[in-house]
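Comments concern the structure below.
Every number here is computed from the coordinates shown, using simple stated rules; none is lab data. Everything numeric here is computed off the predicted structure, so don't read it as measured data. Here the Cβ positions follow ideal geometry from the backbone for every residue, glycine too, while neighbour counts run over all protein chains shown.
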Amino acid sequence: MMEVEPMDLLRSNLSRVRIPEPTNRIFKHECCLSFDTPKSEGGLYIDMFTFLAFGKDCVGWNFEKTGNPVYLHVKKTKKLVPEDRPTKKPTRLAIGVEGGFDNNEPEYEETHSIVILPNYVSLPFPSVELPEKVRLAADAIVLAEGAERKEQVAAWTADKKTVSTYAMNLQQLDNGVVIPPSGWKCSKCDKTDNLWLNLTDGMILCGRRNWDGSGGNNHAVEHYNETGFPLAVKLGTITADLEAADVYSYPEDNSVLDPLLAQHLAFFGIDFSSLQKTEMTTAERELDHNTNFDWNRIQESGEEKEPIFGPGYTGLVNLGNSCYLAATMQVVFTTRSFCSRYYINQSLKKAFETAPADPTVDLNTQLTKLAHGLLSGKYSMPVYENDDNASVDPKTMTPKQGGIPPRMFKSVIAASHPEFSSMRQQFVSNLLLGCFRIFPSFSRSS
Ligand SMILES: [Zn+2]
C-alpha cells in the first residue's frame, strides 16, 4: 500500500470536518461513554464532525460506527514543579492569590493535535500548515464553553433566580451616559475587573471585597446605600445569552432575572449581542465552591477514614447538591439486577452501537457508562497529590479517591423528569420512584 502524506490524508477527509455553529453542543471535558477526561492517560478525542468526545478506548468504536475519521486530541499534563521551589509563607488570608496560600489544584498544561483514524496519524495543532477549515473548527472547539459545564451551570441556577420586583418599573436616568463595549474601570478606584453597571444611572463600580481580601473595594454596594438604585449587572457576563448575565438586586440581596435587560442595556448604548464573556457569574463561582469540597474529608462526620480502592469502590463526585443522586446510584448498583443488566451483560461498546446518534441523551448508554465507571475499578485509583503540587512518595501519604462525576446521567434523568433538572436537594425515594417510572425494567427483580 502507498504511504499517504498526513496532510493529504487530512485534505481528503475535509468533508468530515465541520466548523461548529454557536448553537452546537461541544463536548470537551468528558468521554460520552467513559469517565476519561483530557487529564486521563490517553487524553480525549473530540469528533470534529459531531463534537462528541471519546477516551482512547472508545474513539475507535466511534470511527467504526460513524466513519468519522478526524479528531481534535486534547491532553492535559501536570506541569512539573521544580523540586527546590521554596515554600512561600502566606502573608494574606487568601487562597490562590499573590501572597496567599497556594491553590491545592495542580497546574496543567493543555496540548492539542489533529488525529486521523484508523491509524492515529497525528498532525500538530496549532499550525499554519493546516487547511483553513480545520484551523477554524479546532479554534472554535478550543474556545467553546463545554456542553458539560453549560448544563451544570444551568441546572445550578434553574430554581435560584427569580424575576426581580424592581425590573419591570426600573427608572433609568437620562444623564447622557454611554457605556463603551470594553475598557471599563471603576469610577472610584483603579479596579478593571469585577465591575458592576448600575442600571439606573449607568455608573460603573467595583464589587464587594471578599472575606479573604480578594474581590473589589465595595464601591458598587456603597453606591446603592447612598442612592437606593436597586439593580446592577456584572460587566463581562453580558453575552448574546442574556439570561445568563449576572444581574444583582441589592434590596432583594440576590442574583435575579431582569426580563427587560436588553432594553435597560440599550438605554446606555450597550449592544449585548456583540459582547464576549470575560468574567465568571455569581452562579458559576458558587457552583465551583460547592463542588470543590474535599468530600473524602467531610463525609463520615469529619472523621478521616482510610479510603478503599478497587472494583466496586468508586466514589461519585458531588455536582452541587447531588448527594441524593450519588447515594441512590451507589445503592442501585449494589443490586444483582442492575449489575447484570448494565455491567455483566452489557458492554459499553454494545450500548454505544445501539444508541441514537447522540449517546449523551440516551438513558441506556448513560446507565451503562455509570455502571462500568462504578463497577470496573478503572476510576478507583489512588490519587497522590499533596498541597504544593510537588510529586510525593506514595508510601508516606494517604491517597485520595478521584471518583467520577455522574453528570451526563443526571442530564438524561433531568431531560425525562423535569423535577430532577434543578439541583434542589431531593429525597432518595423520589429519585428511585422516578427511575421506576421512566424505566420499567428498574422494578423487575431479576
Ligand atoms: Zn472601586
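The H on the amide N of Ile404, modeled in the peptide plane, is under 5 Å from the matching H of Gly315, Leu316, Val317, each at least 5 residues off or on a different chain. The protection proxy used here, the mean number of other Cβ atoms lying within 10 Å of each residue, ranks peptides 193-205, 337-349, 225-237 as follows, highest first: 193-205, 225-237, 337-349.
Summarising the label geometry, the points placed 7 Å from Cα in the beta-carbon direction at Asp271 and Gln171 lie 3.2 nm from one another. Across region 6-20, coupling constants 3J(HN,Hα) worked out from phi with the 6.51/-1.76/1.60 Karplus curve, θ = phi - 60°, read x, 5, 5, 4, 5, 4, 6, 10, 4, 5, 9, 10, 10, 8, x Hz, and Gly and Pro carry x.
The label-point distance for Trp184 and Glu226, in a model that sets each label 7 Å from Cα toward Cβ, rounds to 1.9 nm.
Please say if region 162-288 is rounded, prolate or oblate, where rounded means a/c under 1.5 for a ≥ b ≥ c the square roots of the C-alpha gyration tensor eigenvalues, and otherwise the choice is prolate for a/b larger than b/c and oblate otherwise? Taking the square roots of the gyration eigenvalues as a ≥ b ≥ c, region 162-288 is rounded. Between Ala327 and Asn254, the contour length at 0.36 nm per residue exceeds the Cα-Cα span by 23.2 nm.
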